[in-house]
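Peer 1: The structure that follows is given in the form of C-alpha cells.
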Amino acid sequence: EAQVTQNPRYLITVTGKKLTVTCSQNMNHEYMSWYRQDPGLGLRQIYYSMNVEVTDKGDVPEGYKVSRKEKRNFPLILESPSPNQTSLYFCASSFYPLAGRSYNEQFFGPGTRLTVL
Amino acid sequence: RKEVEQDPGPFNVPEGATVAFNCTYSNSASQSFFWYRQDCRKEPKLLMSVYSSGNEDGRFTAQLNRASQYISLLIRDSKLSDSATYLCVVTFNDMRFGAGTRLTVKP
C-alpha cells in the first residue's frame, strides 16, 4: 500500500529534551516536506527536501532540523523543544514539481501530535 | 495580509443543501490551485485540482478567477459524509495552505 508513515503518532515531552519524529514514504517520491498545523493558522511549512541531501527552509524553520540521507526517509529533529513547538505535525511527499507546471498531489502522513511541557 | 485566506466558518447546513466556499490569494503569479479535505484529527487529502476553465467532479465544482484572485468550491446535494474542513491550496514556488473552512452537514 502506498503511504507515508510517521512515528510517533503522539508524544508528550519536556522542554529541552531532544526528540526525533520519523517520516517514511514508499512511493519513490523526490519531494518531501514537514508542516505544522495550529488552530487558525493552517499548515505552515517547516522544511522541505527536493531530493537526497537537498533540504531547504520553509516558513517556520526555527528550532527544527531535518536530514535526507535516503530518498524514503525525512526525519524531523527538535534539538531543544520548547512549549511553542506544541503542535500537530504532518510529513508529506510528492513527485518533484516540474518547473513551470502544476505541483503534484501531496500525500500526507497521519500526523504527530506533540506536546512540550 | 495572509497569502491564502478562507472564511473559517463553521458552515452548518442541512443534508441536501448547496454550499459554497471562497478562498482568496495574494500572489498574482500563483500557478496551481487545489482543494484538500481534512477530516477531524486526520491528514489532509486532495479533493480536486482547480483549473482556469473550472472543473466538476460529481457533486463538487471548483472555479478559478485569476483576475480577482479567488477560487471557489461548490458542493451540491450535501451529504453527512461531506462534514470536514476544506483547505484551499495555492502554489507558486511552494504550496501555501489556507487555514481551512469547516463544514458540518446535519440530518
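The values are calculated or read from the model by the stated rules, or taken from the named source; none is laboratory data. This structure is a prediction, so every number in the text was calculated from the model and none was measured. Glycine also receives a Cβ, built like all others from the backbone with ideal geometry; neighbour counts cover every protein chain displayed.
Peer 1: Can you tell me which of (1) in a loop (DSSP other than H, G, I, E, B); (2) within 14 Å of chain A (Cβ to nearest Cβ); (3) under 21 Å from B:F11 (Cα atoms) is the one B:S78 doesn't meet?
Peer 2: (2) is the only condition that B:S78 fails.
Peer 1: Are any residues in the range A:81-92 assigned to a strand (DSSP E or B) and either crowded, with 17+ Cβ neighbours inside 10 Å or acidic (D, E) (or both), and if so, which ones?
Peer 2: A:S87, A:Y89, A:F90, A:C91, A:A92
Peer 1: Considering only strands (runs of 3 or more DSSP E) fully contained in the range A:1-80, which possess at least 1 residues that are in contact with a helix residue (DSSP H, G or I) (Cβ under 7 Å, 6 or more places away or on another chain)?
Peer 2: Result: A:76-78.
Peer 1: Of all residues in the range B:24-45, how many are buried (at least 17 other Cβ atoms within 10 Å of the Cβ) and either under 18 Å from A:Q45 (Cβ atoms) or aromatic (F, W, Y) (or both)?
Peer 2: Qualifying residue count for the region: 10.
Peer 1: Residues being more than 11 Å from chain A (Cβ to nearest Cβ) and not in a strand (DSSP E or B): count how many of those fall in the range B:2-29.
Peer 2: Summing the residues that are more than 11 Å from chain A (Cβ to nearest Cβ) and not in a strand (DSSP E or B) in the range B:2-29 gives 11.
Peer 1: Same structure again: Are any residues in the range A:32-68 more than 10 Å from every other protein chain (Cβ to nearest Cβ) and aromatic (F, W, Y), and if so, which ones?
Peer 2: Those that are more than 10 Å from every other protein chain (Cβ to nearest Cβ) and aromatic (F, W, Y): A:W34, A:Y47, A:Y64.
Peer 1: Name the residue, out of B:V4, B:V90, B:V50, B:V105, that is modelled with pLDDT of 95 or more and hydrophobic (A, V, I, L, M, F, W, C).
Peer 2: Exactly one residue qualifies, and that residue is B:V105.
Peer 1: For B:I75, work out the one condition from (1) within 20 Å of B:M95 (Cα to Cα); (2) touching a residue at least 40 places away in the same chain (Cβ under 8 Å); (3) under 11 Å from the mean Cα position of the chain (by Cα) it doesn't fulfil.
Peer 2: Unmet condition: (1).
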